[in-house]
Structure formats: structure tokens, C-alpha cells
Amino acid sequence: MISNLKRTKRIWTAWLPGLTVLAIIPVLAAAFAISSARAADKGSIVALAYDAGGGALLKSDGEAVYRSGNNGDTWQAIPLPPSANGSIAAVATPAKRSGVVYVAGPGLGVLRTEDDGASWVALNTGLPSTKVTAFTAHAALPEAIYAFVPESGIYRSQDAGKSWKLMDRGPENTRQLLHTDMKGSMETGWLYAATLQGARVSMDCFCLWRDAGELNGKVDSLAYDPLQPERLYAASDQGLFRSTNGGQDWEQTASPEAAVTTLTATPSGALYAASTDGALFRSLDRAETWEPIGD
Amino acid sequence: MLVVTTVIGTTAVAADDPLPHVLDSKQIGAGRAFYGQYCASCHGANGKGAPNWREPNRQGELPSPPHNQEGHTWRHSDADLYEIISKGWRDPFNKTDRITMPPFGETLAPEEIRAVIAYLKSLWTDEQRRYQREESEKEPFPAEAKPSPE
């Protein structure tokens, strides 16, 4: 077990042939950051996350992650390791940590960086494959993370990815996972799944998956307000919705003009939305009104 | 179905469980009796649960779930099971406010609650018992319910 983990670690750092190269990396990374930040502005945004500890917004175009500490004015690239062979489907940050970024996606499995992409750790020992299509971090416990592998189910790690346990099959056609620490769980919180047929919810004991209200159609993304975890937001092919009771009831709300693909909220309740054409928006009034951010 | 459950229950007791004190047949016997008296009216004979327990009933309340291997009782640590049984529970998505799972902390003594839990454990598969034991490592029974040294 331990030796396996060491081996995976080495694979990801093997591309650094020596100290000389190490010194050059930050320069290269900076150059890459500037050039690819432009490119990323054009492409669609597939995932958003917020690093609460570091006060930074994170976005991904599927190929790299970008970090902005100034509300989208400038972006710094967090490139995947060159040997990575897959696309990013989800980005998440653990509770109570700063600067720690998880990415997950088909072909990648689950990867973590704590130094803005200078090095990565692969966390796939114990997962059946690297075909991870959805991923989320626990709202309060920094070591707990969840990964969805379509043919198998939802895996939980309670040691930050060192080991995994299959919890259950998970809802069919799960597209995104979200953990919240809304009260009233028999365990430590709640897991939501955005699926092709609405949203589903279970306590994180994985006791019982049920419909989270009557959101019909394809749900692309769910986000929750850490200040009031019973406040949820959902982006679906029918528009943007919000709930004040943990997803039992939903009301349609204002959507920024573009079709929203992914949502995330900050600890102070600011809500970010990104669209297929790469545009980013922020709402400071719980999705009543939206302003474009960045350029 | 009834036969199957019984057989599993019996095997569990007889099987060389790695932690014999977790499944002690005297305790299970006592627990089965308490279960019949206090729990079976809602959770059914042999812990088979209410019909359609996955869906809210007409009042918008989740019915009593099974405690056997079909249910999810095995997903809870000893600490959580003890708390649910002694303090009661209602699902936060229920449309009513009443506590649908009544508290038994006043009715049953700590060792009686432990006995009922031991009986529930006898209804699970080996794998489920292993999972539950791992969950309980960090969340054991509260001090008040610790067995007195024999």
C-alpha cells in the first residue's frame, strides 16, 4: 500500500530531471500562464471552485486550472503534469486548507497539487480506474474527498486520497458531486449529485439517494452557500434555480445572459457562474443580479 | 426471505467473528427480545422494515427502514446508532415536525440499547459488519454505554 503510493508519487515528479530544470520551471510556468490565460478566456469553462483559505477563484477549461486572486482580473495557470493524459472534469479545494487543489477527470483519476502545479500527486491507488467523471471535497473535513467512477460508483477517501472505499453505486448519470454541511444529517453532511435527470441527494452515510426537489432535465452544476448550507443553486438546461431548504423546493432565478455550465460560491456567499463561451459572472445578492467579471 | 434472514443471523453468531465481544450470542438474545417488544411494531419482524420505506408516505414522512442487510443501519457507527436510538430521529426533509423515530433513552438502559444494537448487527452480512466496525473505530459507543469489565 505505502510502497504503491510512493511509486505513483515518483511517476509524477519523474519529469523533473534535475535541479537545474527545477529552477527554470517557475519561469516557464509564468510564461505559460500568460499565454494560456488568454487562450482559456476564449474556451468554455468546465469547472469552478473557490480556494477559501487562499482567497482565490479557480477555473478550468478542461486542460489546465487557472487561479485568480483578484476576482478574475488576472489568471495564473496551474498546469497539469506533461505526462497527464486526460481532461479535467472537476476542481475542488479541501476545507480549512489554503493552496491545495484537487483536479479529477477521465484519464486523470484524482490529482492534487499544493504548489500551483509545480508538482502533482496521483491519488488513484484503490480506485478501479482513472475514469473519474465527478469529484467533490467534504465541506468541513479536510481529509475527506469523494470520486465518482461511472461503472463502479462513488468512492470516499478519509485520508486525502491515500486510500479509497466504494460507498455505493451513486445516482445514474451523475455529472457533478457536491458535499455540504447542512444540518440534520445522521453522519457529517450531505452529498448532492447533478444528473441528467435532475438533482439527487443523500446524507453522507450513503443511506438513501432521493430526488432533491423537482428539478427536471439535465442539471449541469450545483453549488451551496457556506454561510447557510440549506441555500443551494442549480444550473440546468431549464435555467438557473435556487433553493432555501436544501433542495426540497426550487424557484427559478435570474441567469446571466449566457447558458451556465458551472457554479461555485465563496464562504461569504458570493456566487460565481461560468458559461459555455468562457464568460464569468458574479452575483452578490443570491442570484438576483449578475455582473460580468474579468475582461 | 424470513428463512434467509434467520440463517444469516445464526451464522453470524456461530461464525468465528474476529471480534467475538461484538457479537455475543447472549447479548443478541436479549437484544432480540427488546427488539420484539419496542421496535418490531415499526421496523417489522426480523428488521425487515416498512413497505416502500425508500419513499415518503402520504404524510410526507420517511417510513421505518429495515435493519437487515437490505437497509442502511450498518452504515452508522456505534456512536451514531446509540445516539439515534437514545435520542430519537426525524428526517429533516419530512413534511411534519414530529420525531418519527421515538427516543428510547428513558425507556431502555444503556446496556439494553447496546443489546438491541448487537441484535441489529446479527442481521448484517460479514462485509457490512466489517464496514460498520471500521466506522466505529473513531466513533465508538459513548462512555455511558461502555460495558462493565467482566
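Could you work out the relative contact order of segment A:217-260? I mean the mean sequence separation of Cα pairs under 8 Å and 6+ apart, divided by the number of residues, in percent.
On the way: 80 pairs, mean separation 12.9, N = 44.
Once divided by the residue count of segment A:217-260, the mean separation gives 29 percent.
Can you give the average number of partner chain beta-carbon atoms within 10 Å of each beta-carbon in peptide B:73-80, as a whole number?
Taking all residues of B:73-80 together, the mean is 3.
Amide H neighbours of B:Lys48 under 5 Å, at least 5 residues apart or on other chains, H built in the peptide plane: list them.
Those qualifying (amide H under 5 Å, at least 5 residues apart or on another chain) are B:His67.
When the expected Rg is taken as 2.2 N^0.38 Å, what fraction or multiple of it is the alpha-carbon Rg of segment B:25-140?
Values: Rg = 13.7 Å, N = 116, 2.2 N^0.38 = 13.4 Å.
The value comes to 1.02.
For q values of 0.11, 0.17 Å⁻¹, compute log₁₀ I(q)/I(0) with the Debye formula on a Cα-only model of segment A:2-293, without solvent.
Debye curve over Cα of segment A:2-293, log10 I(q)/I(0) at q = 0.11, 0.17 Å⁻¹: -0.59, -1.45.
Step through the residues of segment B:96-103 one at a time and calculate ³J(HN,Hα) from phi using the Karplus curve (6.51 cos²θ - 1.76 cosθ + 1.60, θ = phi - 60°), rounding each to whole Hz and writing x for Gly and Pro.
10, 9, 5, 7, 6, 9, x, x
For A:Thr188, what residues show an amide H to amide H distance below 5 Å, using hydrogens built from the backbone and excluding near sequence neighbours?
A:Asp204, A:Cys205
Let me confirm one metric for peptide B:53-62, namely the mean number of other chain beta-carbon atoms within 10 Å of its residues' beta-carbons. Could you put the intermediate results ahead of the total?
Values: counts 1, 3, 2, 1, 0, 0, 0, 0, 0, 2.
Mean shielding count: 1.
Give me a comma-separated list of calculated 3J(HN,Hα) values for segment A:81-96, in order, Karplus coefficients 6.51, -1.76, 1.60 applied at θ = phi - 60°, integers in Hz, x for any Gly or Pro.
Once rounded to whole Hz, the list reads x, x, 7, 5, 10, x, 10, 7, 10, 8, 10, 8, 10, x, 5, 6.
Short version: ³J(HN,Hα) in whole Hz for each residue of segment A:173-187, in order, from phi by Karplus 6.51 cos²θ - 1.76 cosθ + 1.60 (θ = phi - 60°), x for Gly and Pro, what are they?
With coefficients 6.51, -1.76 and 1.60, one gets 6, 6, 10, 8, 10, 9, 9, 10, 9, 4, 5, x, 8, 6, 10 Hz.
Give me the distance in nm between label points sitting 7 Å out from Cα along the Cα-to-Cβ direction at A:Leu284 and B:Ala45, one decimal.
The two pseudo-label positions are separated by 6.6 nm.
Skipping prolines and chain starts, which residues have an amide H placed within reach, meaning under 5 Å, of the one on A:Leu208, given they are 5 or more residues away or on another chain?
Close amide H contacts, sequence-distant or interchain: A:Met203.
List, in the order given, every pair from A:Lys218/B:Lys138; A:Lys183/B:Lys146; A:Lys162/A:Lys183; A:Lys96/B:Lys95; A:Lys96/B:Lys138 whose Cα-Cα distance in the structure shown is over 32 Å.
Working: A:Lys218/B:Lys138 39 Å; A:Lys183/B:Lys146 28 Å; A:Lys162/A:Lys183 28 Å; A:Lys96/B:Lys95 34 Å; A:Lys96/B:Lys138 21 Å.
Violating the 32 Å Cα-Cα cut-off are A:Lys218/B:Lys138; A:Lys96/B:Lys95.
Could you check the spin-label model distance between B:Thr107 and B:Arg54? Points 7 Å from the Cα along Cα→Cβ, value in nm.
Roughly 2.9 nm, to one decimal.
Over segment B:25-140, what is the relative contact order in whole percent, taking alpha-carbon pairs under 8 Å and six or more residues apart? List each step's numbers first, then the result.
On the way: 173 pairs, mean separation 37.5, N = 116.
In percent, rounded to a whole number, it is 32.
No lab work stands behind these numbers, since they all come straight from the coordinates. The model shown is predicted, which means the values in this text are computed figures rather than measured ones. Every residue, glycine among them, receives a Cβ derived from its backbone with ideal geometry; neighbour counts consider all protein chains shown.
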